[in-house]
Amino acid sequence: MDVEALVRPVVEQAGYELVELSYGGTGARRTLRVTVDRPQGVDLEAIAMLSDKIARRLDLEDFGEDRYQLEVSSPGIERPLRTPAHFARFVGSQVKVKTAAPLDGSRVHEGMLVASDEAGITVEVEGVPRRIAYADIASARTVADWDAELKGTKV
């Protein structure tokens, strides 16, 4: 059974983006993790509402032969970036990108995400623009300015 095909419509009809979905573990310790977001963020009421809607949908479809735990959450302040749409949304943000192979002598590229298009991204690393193709990205995430976050003044 394709769990994403069951969960994605519920999340999107509620006005949220399905950021990530994973299902793993063994026996009674199986966990379905659903990560959701939207531009104005996700609060606890939204998490509870989506958790209820997703659980009802999965129950209606008889998902899971064994018991499992459903976890619905937001991606957090330092969120993963996986799709071109994710990168486009966070142009102007600090990011950390890991590449599969070294690029300009490094596999880790941290700096300002200055551009995103259909082929890849540009990260300004120590004042120098670095072009990275999507195919070369192993993982990427936003990087929070924790001083500004703790003071409540995002930069």
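Brief remarks on what is shown
- Pairs where the first residue, in the stretch 4-20, is under 17 Å from GLY64 (Cβ atoms) and the second is hydroxyl-bearing (Ser, Thr, Tyr), C-beta under 6 Å, 6+ apart: none
- Filtered residues of the stretch 29-76 (kept if within 18 Å of the chain's Cα centre (by Cα) and charged (D, E, K, R)): ARG33, ASP37, ARG38, ASP43, GLU71
- Qualifying residue in the stretch 128-142 (condition: open to solvent by less than 30 Å² (accessible area, probe 1.4 Å) and either outside any strand (DSSP E or B) or at positive phi (or both)): no
- Annotation: GLY76 fulfils all but one of (1) at positive phi; (2) touching a residue at least 60 places away in the same chain (Cβ under 8 Å); the unmet one is (2).
- Matching residues, the stretch 36-51, being outside any helix (DSSP H, G or I) and either of a type in the set (Asp, Glu) or open to solvent by less than 80 Å² (accessible area, probe 1.4 Å) (or both): VAL36, ASP37, ARG38, GLY41, VAL42, ASP43
- Condition check for VAL97: of a type outside the set (Gly, Ala, Ser) and within 15 Å of the chain's Cα centre (by Cα): yes
- Looking only at the stretch 16-28, and only at residues there that are over 14 Å from the mean Cα position of the chain (by Cα) and open to solvent by less than 50 Å² (accessible area, probe 1.4 Å), the one that is modelled with the highest pLDDT: GLY24
- Exclusive hit being in contact with a helix residue (DSSP H, G or I) (Cβ under 9 Å, 6 or more places away or on another chain) and closer than 19 Å to GLU17 by Cα, set PRO84, PRO75: PRO84
- Only listed residue being open to solvent by 70 Å² or more (accessible area, probe 1.4 Å), modelled with pLDDT of 90 or more, out of contact with any Lys or Arg (no Cβ under 7 Å at 6 or more places or on another chain) and outside any helix (DSSP H, G or I), chosen from ARG33, ARG56: ARG33
The values are calculated or read from the model by the stated rules, or taken from the named source; none is laboratory data. Because the structure is a prediction, the values reported are computed rather than measured. Reconstructed Cβ throughout: ideal geometry from the backbone, glycine too, with neighbour counts over all protein chains shown. Side chains are part of the model used for accessible areas, which takes the heavy atoms of the whole protein and leaves out ligands, DNA and RNA. Shrake-Rupley method; radii C 1.70, N 1.55, O 1.52, S 1.80 Å.
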